[in-house]
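Engineer: Here it is, the structure in full.
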């Protein structure tokens, strides 16, 4: 897929006018992309995310990997126009702090000791840590916002001005591009669709969970995790699940969201019934977003929609039943490179920011 | 209330540097305001909206009223920096057309004859009609968008960058100011919260009503009309309704939304129970808007919230139960002048547009 939108550049070609690095720090993997103002991604480098409580060590390792990538192209850090980095958490670009990022140990204040010397650099600015190594432009953001920018720069939503990106995977993430700009809201908290509620039962659930680290109510109905939980519960209650178990290599305990999605797309009625609540709630929420924001396009990323036309087809049919406001609902175009490419776009993109 | 933010200007004071007209065309009344770049509203003139199928006649009458207002200040039409006009419908500022405006007869294409000679100038641009009389700047928009701009220019949301205005009256209207700008979406259709759905029963209702002129599902649960319908149904089913009937002058048939709201605020349990569904659905929807958009403020206008602290207090308490994202929920500051003042702001305001 990646090769559809990227042309490899050879060493003997003339150098492009501007270079930048886009980095997507994930819970398990980190992806570094080096790209040019001509919208070419010339280096991609993926490696396991360094798990450490020490933010200084984290960025030391990250910049070693980055310099290794640059060396491949005969470039120096100082030649970059800037570096964009996306993280799975709430990121304040101005202060350079990151919160609500359980997958990033150094971002988490030590709750037992209540003392930053025992782990966690939550209050230390990423900007000040990076400043020792790089003095150029540094843009920090949430990973889903970066993915939305990536899709708008080089992916499914190329050049559009009103776009929502929603990722349906372990949880639900959401990034908004409105009036051609990243929309972050008053305190950088926009896009928390995971916490949507619909109906009084959900409202009580939200009241119970408020302020905890638990999944949001909407997320706990529609994410991949939710679909896995539903199928496990259905199997435990005694449904045969023959088709889904076969797809999971005959292992009943291994059946999860992706087997439900595959079986459903192959016409398995059990799988379709298990998927139905997640589909209906997602379609209702997207209908509401369309009514409120009138976006040109909703891009659906994350594991649940990936490589499976059934899921989005079913969503589209339900949305069309409930609203006649036009909005294109499409799968993400950049797969799991969207975040790193969006991080590049924060430096190299012109239409946004 | 109006006098709190407006200083009257006397004829013998020096003239302000720039003048503009802001006009709010309502279903029953039209309000013309003449204001200055110094944020002074010097003329207010309210009169019955002219009901006619003929758009040319409509604007001829409107400009007669406007010139009458200008004459009071010794001004000529040509001296205005611009004119802003808000309408109760979907307005395309570029083409100058207005649709979905049942209260404005000339905006409605004749459905019986299917022929524009039999009434309705739906396809005729307001811009071309007005051009005969005024060649300066003309800004056209929906009345709720205008009200949101008014509240942001001189009202409750003065100077804020992320604001939702929602009006709760006969129906539900919604205007969004995001990143300091009016947000209209891809085709000018943003803010249609009236059509939100929450739950499968509502989804079926939405499917049934799609493409009709009926109230949206959310609106039919939360508007003043909905509250009136609920109380009438409760009275018909035999509840005593003593307090509400007393507030309606002893006339059972006259009991409506405003009596429910007043009785509820005075502690009448029957009224509070009748109001509850409208409150809960409104509070859930505002919670979802807060999660998605992280606005600094939600301004609630329209007849239901006006002059009654109970309604907003109850909404705030429910929202606080479900989300800890901060957002101030306040009543509108400009009352029913917000639309005309917002129309002025489109010409005279600097922070927006």
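Engineer: Restrict the check to region B:220-241 and report whether at least one residue is within 11 Å of another protein chain (Cβ to nearest Cβ), touching a residue at least 60 places away in the same chain (Cβ under 8 Å) and either in contact with a helix residue (DSSP H, G or I) (Cβ under 8 Å, 6 or more places away or on another chain) or buried (at least 17 other Cβ atoms within 10 Å of the Cβ) (or both).
Structural biologist: no
Engineer: Would you pick out the residues in region A:21-39 that are assigned to a loop (DSSP other than H, G, I, E, B) and buried (at least 17 other Cβ atoms within 10 Å of the Cβ)?
Structural biologist: Hits for region A:21-39 are A:26, A:39.
Engineer: Inspect region B:160-168 for any residue being touching a strand residue (DSSP E or B) at 6+ places or on another chain (Cβ under 7 Å), at positive phi and at the interface with another protein chain (Cβ under 9 Å from one of its Cβ atoms) and give the result as yes or no.
Structural biologist: No, region B:160-168 contains no residue that is touching a strand residue (DSSP E or B) at 6+ places or on another chain (Cβ under 7 Å), at positive phi and at the interface with another protein chain (Cβ under 9 Å from one of its Cβ atoms).
Engineer: Scanning for something crowded, with 20+ Cβ neighbours inside 10 Å, within 14 Å of another protein chain (Cβ to nearest Cβ) and touching a helix residue (DSSP H, G or I) at 6+ places or on another chain (Cβ under 6 Å), does region B:327-343 turn up at least one residue?
Structural biologist: Yes, there is a match, as at least one residue in region B:327-343 is crowded, with 20+ Cβ neighbours inside 10 Å, within 14 Å of another protein chain (Cβ to nearest Cβ) and touching a helix residue (DSSP H, G or I) at 6+ places or on another chain (Cβ under 6 Å).
Engineer: Anything in region B:276-327 that is at pLDDT below 95 and at positive phi? List them, or say none.
Structural biologist: Residues satisfying the conditions are B:302, B:307.
Engineer: Follow-up. Restrict the check to region B:197-215 and report whether at least one residue is crowded, with 19+ Cβ neighbours inside 10 Å and in contact (Cβ under 8 Å) with a residue 60 or more places away in the chain.
Structural biologist: Yes: region B:197-215 contains one or more residues that are crowded, with 19+ Cβ neighbours inside 10 Å and in contact (Cβ under 8 Å) with a residue 60 or more places away in the chain.
Engineer: Somewhere in region B:247-264, is a residue in the same structural domain as residue B:205 (by TED's automatic domain parsing), more than 27 Å from the chain's Cα centre (by Cα), modelled with pLDDT of 95 or more and crowded, with 22+ Cβ neighbours inside 10 Å?
Structural biologist: There is no residue in region B:247-264 that is in the same structural domain as residue B:205 (by TED's automatic domain parsing), more than 27 Å from the chain's Cα centre (by Cα), modelled with pLDDT of 95 or more and crowded, with 22+ Cβ neighbours inside 10 Å.
Engineer: A further question on this structure: Suppose we filter B:185, B:238 for residues that are over 30 Å from residue A:182 (Cβ atoms), in the same structural domain as residue B:282 (by TED's automatic domain parsing) and assigned to a loop (DSSP other than H, G, I, E, B); which single one remains?
Structural biologist: B:238
Engineer: Here's a follow-up. Does region A:199-212 contain any residue that is at the interface with chain B (Cβ under 7 Å from one of its Cβ atoms), outside any helix (DSSP H, G or I) and more than 22 Å from residue A:293 (Cα to Cα)?
Structural biologist: So far as region A:199-212 goes, yes, one or more of its residues are at the interface with chain B (Cβ under 7 Å from one of its Cβ atoms), outside any helix (DSSP H, G or I) and more than 22 Å from residue A:293 (Cα to Cα).
Engineer: Can you name every residue in region A:175-194 that is within 7 Å of chain B (Cβ to nearest Cβ), under 14 Å from residue A:161 (Cβ atoms), in contact (Cβ under 8 Å) with a residue 40 or more places away in the chain and in contact with a helix residue (DSSP H, G or I) (Cβ under 8 Å, 6 or more places away or on another chain)?
Structural biologist: Answer for region A:175-194, where residues must be within 7 Å of chain B (Cβ to nearest Cβ), under 14 Å from residue A:161 (Cβ atoms), in contact (Cβ under 8 Å) with a residue 40 or more places away in the chain and in contact with a helix residue (DSSP H, G or I) (Cβ under 8 Å, 6 or more places away or on another chain): just A:178.
Engineer: Can you spot a residue in region A:290-313 that is part of a helix (DSSP H, G or I), away from chain B (no Cβ under 14 Å) and over 30 Å from residue A:241 (Cβ atoms)?
Structural biologist: no
Engineer: Another question about this same structure. Provide a single number: the residues in region B:276-328 that are over 19 Å from residue A:185 (Cα atoms), without any contact (Cβ under 8 Å) to a residue 40 or more places away in the chain and within 21 Å of the chain's Cα centre (by Cα).
Structural biologist: 6
Engineer: Okay, next question. With the checklist (1) surrounded by fewer than 17 Cβ atoms within 10 Å (Cβ to Cβ); (2) part of a helix (DSSP H, G or I) in hand, flag the one item residue B:133 doesn't pass.
Structural biologist: That leaves (2) as the condition not met.
Engineer: Condition first: modelled with pLDDT under 95, surrounded by fewer than 23 Cβ atoms within 10 Å (Cβ to Cβ) and either over 14 Å from the mean Cα position of the chain (by Cα) or more than 8 Å from every other protein chain (Cβ to nearest Cβ) (or both). Can you find one or more residues in region B:140-159 that meet it?
Structural biologist: yes
The values are calculated or read from the model by the stated rules, or taken from the named source; none is laboratory data. All values reported here derive from a predicted model rather than from experimental measurement. Every residue, glycine as well, gets a Cβ built from its backbone with ideal geometry; the counts of neighbours run over all protein chains shown.
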